[in-house]
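Novice: Pasting a structure here, questions to come.
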Amino acid sequence: MTQPTQTEFIDINVSEIFDSYPIPLRDSLLNLRQLIIDTVTEIGINDLQEALKWGEPSYLTAKGSTIRVAWRTSNPSQYAIFFNCKTSLVETFREIYHDTFSFEGNRAIVFEKDDVLPIDALKHCIELSLRYHSIKHLPMLGV
């Protein structure tokens, strides 16, 4: 996979969290961050906010549901992209991508440090989250 060009951080606190992650996983999490930013650009959303929520890098749009990315010491070989557990997002992702992703409950897609990311599927999940409040009334989020 070609490494994407990393978008600069606006919030120093978010940058410091990424800097605190172990290097191999930091690179993977930075790639997830860039994938979120690239998806926002591709679908024409221009109000992405990057901030810390629960001490983790978080991404939010006006019509979307918060996305977080994180590594945790409790599972040092894994990292994850988290979605609001009170939405139907992960339930929908599981229905569509049950053979593609590993899930943690109704809140996350989990990756091992050496996983190759299924970019198109992951971007689809990110897009659904970024548009969630506009599509949540649709069966299977309009998929």
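What follows draws every value from the coordinates through simple rules; no lab data is involved. Everything numeric in this text was worked out from a predicted model, so none of it was measured. Cβ atoms come from the backbone with ideal geometry, glycine included; neighbour counts cover every protein chain shown.
Novice: Looking only at Asn46, Asn84, Asn106, which one moves most when the chain is put into a Gaussian network model with springs between Cα atoms under 10 Å?
Specialist: Asn46
Novice: Return the sequence-ordered ³J(HN,Hα) values of segment 53-62 in whole Hz as given by the Karplus equation 6.51 cos²θ - 1.76 cosθ + 1.60 applied to θ = phi - 60°, using x for Gly and Pro.
Specialist: Values, residue by residue: 10, 6, x, 10, x, 9, 9, 8, 10, 4 Hz.
Novice: Would you calculate, for the chain, the mean residue ellipticity at 222 nm contributed by helices, counting each DSSP H stretch of 4 or more residues as -39,500 (n - 2.57) and dividing by all residues, to the nearest 500?
Specialist: Computed ellipticity for the chain at 222 nm equals -11500 deg cm²/dmol.
Novice: For the chain, what is Rg from Cα atoms divided by 2.2 N^0.38 Å, rounded to two decimals?
Specialist: Dividing the Cα Rg of the chain by 2.2 N^0.38 Å gives 0.98.
Novice: Still on this structure: Between His137 and Asn106, what FRET efficiency comes out of the Förster formula 1/(1 + (r/R0)^6) with R0 = 25 Å and r the beta carbon distance, rounded to 0.05?
Specialist: Once the sixth-power term is evaluated, E becomes 0.85.
Novice: Same structure, new question: How many angstrom separate the Cα center of segment 52-107 from the Cα center of segment 4-50?
Specialist: 15
Novice: When the Karplus curve 6.51 cos²θ - 1.76 cosθ + 1.60 is applied with θ = phi - 60°, which whole-Hz ³J(HN,Hα) does each residue of segment 28-45 get, with x for Gly and Pro?
Specialist: Each residue's phi maps through the Karplus curve to give 5, 5, 5, 5, 4, 4, 5, 4, 4, 4, 5, 5, 4, 5, 5, 9, x, 8 Hz.
Novice: So what are the ³J(HN,Hα) numbers for segment 118-134, from phi and the Karplus equation (6.51, -1.76, 1.60; θ = phi - 60°), rounded to whole Hz, Gly and Pro as x?
Specialist: Using θ = phi - 60°, the values come out as x, 4, 4, 5, 5, 4, 4, 4, 4, 4, 4, 5, 5, 10, 3, 5, 8 Hz.
Novice: Kindly state, to the nearest 0.05, the FRET efficiency for Glu8 paired with Thr73, given R0 = 25 Å and r defined as their beta-carbon distance.
Specialist: Taking R0 as 25 Å, the efficiency between Glu8 and Thr73 is 0.35.
Novice: Shifting gears a bit: With 10 angstrom as the radius, rank Leu30, Leu122 by how many other C-beta atoms surround their C-beta, starting from the fewest.
Specialist: Leu30, Leu122
Novice: How do Phe103, Phe111, Phe93 rank when sorted from fewest to most other Cβ atoms within 10 Å of their own Cβ? Can you show the working numbers first?
Specialist: Values: Phe103 16, Phe111 21, Phe93 25.
By the 10 Å Cβ count, ascending: Phe103, Phe111, Phe93.
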